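Reviewing the structure listed below.
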């Protein structure tokens with residue numbers, strides 16, 4: 001029985017699970033979005049969100065350096081740590097938490113495992129600020145009520161012009 005067990009062991013030993021989460025975390029920080037199984041995505045969220053929170057503490061240089069070392073001990077990738085502190089941290093500075101989003105993708109064809117996409121919330125162009133910017137760039141649609149009369153009037157003028165040209169052609173022939 002799993003009374004009180006909060007962590008998912010993912011059917012791995014502790015060292016294998018730690019290296020798996022380390023690699024998934026580095027890839028998530030580097031690519032901002034990865035696809036994996038749902039169980040791994042949920043385990044990765046509990047692993048990566050405290051590390052992202054550590055990037056926000058900017059009180060003194062000693063604290064910043066200490067946080068760099070702590071995050072490096074969890075990720076073991078200099079490039080990922082640098083990306084986390086220089087690119088990700090400024091974008092999530094005002095967010096109180098919830099830095100990742102998990103989206104279910106359905107079952108995998110080969111083994112029917114449930115897939116999920118985990119992504120950093122502030123780096124998605126589809127949701128959030130990106131939508132507001134594109135909506136502001138597009139012109140505002142007008143209501144259809146006022147435009148119907150204008151189009152009908154234009155349509156009758158065009159129809160009248162066509163009948164005049166066809167009538168003049170018939171008189172020229174006859």
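Read-outs: derived from the displayed coordinates by stated rules, not from any lab. Since this is a predicted model, take the numbers as computed values, not measurements. Cβ coordinates were reconstructed from backbone atoms using ideal geometry, including for glycine residues, and neighbour counts include every protein chain displayed.
Please verify whether residue 20 is touching a helix residue (DSSP H, G or I) at 6+ places or on another chain (Cβ under 6 Å) and surrounded by 13 or more Cβ atoms within 10 Å (Cβ to Cβ), treating the condition exactly as stated. Criteria not met by residue 20. Within the set 45, 12, the sole residue that is in contact with a helix residue (DSSP H, G or I) (Cβ under 8 Å, 6 or more places away or on another chain) and outside any strand (DSSP E or B) turns out to be 12. Applying the set (1) without any contact (Cβ under 8 Å) to a residue 24 or more places away in the chain; (2) in contact with a strand residue (DSSP E or B) (Cβ under 7 Å, 6 or more places away or on another chain); (3) not in a helix (DSSP H, G or I) to residue 27 leaves exactly one unmet item: (3).
Residues that are within 19 Å of residue 124 (Cβ to Cβ), outside any loop (DSSP other than H, G, I, E, B) and out of contact with any helix residue (DSSP H, G or I) (no Cβ under 6 Å at 6 or more places or on another chain) do occur in region 51-64, at least one of them. When residues in region 23-50 are screened for being within 19 Å of residue 86 (Cα to Cα) and crowded, with 19+ Cβ neighbours inside 10 Å, 5 of them pass. The set of residues in region 69-104 being exposed (fewer than 13 other Cβ atoms within 10 Å of the Cβ) and touching a residue at least 60 places away in the same chain (Cβ under 8 Å) consists of 104 alone.
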